[in-house]
1. Return a whole-number percent for the relative contact order of the chain, with Cα pairs under 8 Å and 6 or more residues apart as the contact set.
2. If packing is taken as the average count of other Cβ atoms within 10 Å, what order do 370-376, 135-141 fall into, highest mean first?
3. Anything over 22 Å Cα to Cα? Flag those among K262/K367; K75/K307; K114/K367; K114/K333; K76/K307, in the order listed.
4. Classify the range 96-168 as rounded, prolate or oblate from the Cα gyration tensor: take a ≥ b ≥ c as the square roots of its eigenvalues, call it rounded if a/c is under 1.5, otherwise prolate when a/b beats b/c and oblate if not.
5. Arrange the following residues from fewest to most other Cβ atoms within 10 Å of their Cβ: Y50, Y42.
6. Kindly identify the chain as rounded, prolate or oblate by the Cα gyration tensor criterion: order the square roots of the eigenvalues as a ≥ b ≥ c, call it rounded if a/c is under 1.5, otherwise compare a/b with b/c, prolate if a/b is larger, else oblate.
7. Between T62, T11, T334, which gets the highest mean-square fluctuation from a Gaussian network model of the chain, Cα cutoff 10 Å?
8. Could you pull out the GluC sites (Glu not before Pro) across the range 28-85 that fall in loop regions by DSSP (anything but H, G, I, E, B) with no more than 15 other Cβ atoms inside 10 Å?
Amino acid sequence: MDVAITPPVSTADPFSREFFADPFPVHAALRDAGPVVRLAKYEIWAVARYDEVHRVLNDWETFSSARGVGLSDFKKEPPWRLPSLVLETDPPFHDRTRKVLNRVLSPAAMKTLKERFAAAADTMIDELLGRDSFDAVPELSEAFPLAVFPDAIGMPQGHRHNLLPYGNMVFNSFGPRNELFAEAVRDAEPVMAWVRAQSERKNLSDDGFGAQIHAAVATGELTEDEAPMVVRSLLTAGVDTTVSGLGAALFCLSRFPEQFQKLRANPGLARAAFEEAVRFESPVQTFFRTTTRPVEVGGFHIDEGEKVLMFLGAANRDPRKWGRPEDYDIARKTVGHVGFGSGVHACVGQLLARLEGEVVLQALARKVAAIEIVGEPRRRFNNTLRGLASLPLRLHRTQ
Ligand code: OVM
């Protein structure tokens, strides 16, 4: 006899301002409700436990990205922008693009950037040490990626701040068509044409990531129409994410001074301290998949063509997986965290993100004795990203 098992249902809205202000009680409730939960408000499925999030991320054949990794199902409504050739695709088509990006963002490529990035971080921290106090969001977590990443791409000078409203818009677009999205579209409207122009070969230097992507046309790996689209992926995914990641690390190290002192004692922990901040805050909070077949998850039946929301941030603090998940601990074994995703779509820029995090935290560890929060930190709400609008800091110089 078939027994209809009704799945747990939640009325939570994970795209509301109340949720963004404090997502953690809702994360816990969703994890505790069951291995999958029905979100009544959006008529979708959600997974918030580590095991299920990891499973969904690692079964691309069942949980597809090609119908969009946001709430919108590309099969039911036309995509609002041309779909990404890497994010919003499945193998084997995905792998073609991914191979090019893997090469451009490879360990070997990172080696050539490391010294330059480290020098830029040292200069920036030296400058900030000369100030009484400053807002670490615009002046460090935004300023650093904007100082190094467009150069690495080979973009022309000027207007680089335009990348921020553009990224903010795209990351909001993965959620519902709420007020946050509408606002972000209004903010990004004036920079859309500029962003498109930045992806063209003629506007890129001969020695950056951009030129390397365009070079994949000559090898037959990409078509002429595809190359600017792949550059677009870098411009979209490479700034706001690392801004949120650096902000997360700075916020952690200023809230947990004993952890900063551990880092000062051993600056070699800079990379680990950044990684733990990515687990702890999960700058990218959520992505969706769409089921390609009927599937069972944790004993519950999900039909074909269903949207499944993955709470990366909840998985990264699941007590079923992590000891003392609410502690920011730079000595923690963070291996397995899903802050950069997992599986075939795992963040292709994660080595670049880690390099940026490492050099900034190394500079802090070497030059700064204490990080003081001197004003009220404010969050920036986004349908996908968890980040800050403001973090007023004072840096105390190492004697
Ligand atoms: C892209 C893209 C956009 C946003 C995020 C992302 C996290 C990729 O256009 O390919 O990955």
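Laboratory data are not the source of any read-out in this text; all were calculated from the coordinates shown. Owing to the predicted nature of the structure, the values given are computational and were not obtained by experimental measurement. No Cβ is skipped: glycine too gets one built from the backbone with ideal geometry, and neighbour counts run over all protein chains shown.
1. Details: 698 pairs, mean separation 102.1, N = 399.
It rounds to 26 percent for the chain.
2. Ranked from most to least packed, the peptides come out as 135-141, 370-376.
3. K114/K333
4. Values: a/c = 2.62, a/b = 1.57, b/c = 1.67.
Verdict is oblate for the range 96-168.
5. Values: Y50 24, Y42 16.
Result, fewest neighbours first: Y42, Y50.
6. It is oblate, given that a/c is not under 1.5 and a/b is not larger than b/c.
7. Greatest mean-square fluctuation among the candidates belongs to T11.
8. Counting only loop positions with at most 15 other Cβ atoms within 10 Å, the GluC sites (Glu not before Pro) in the range 28-85 are E43, E61.
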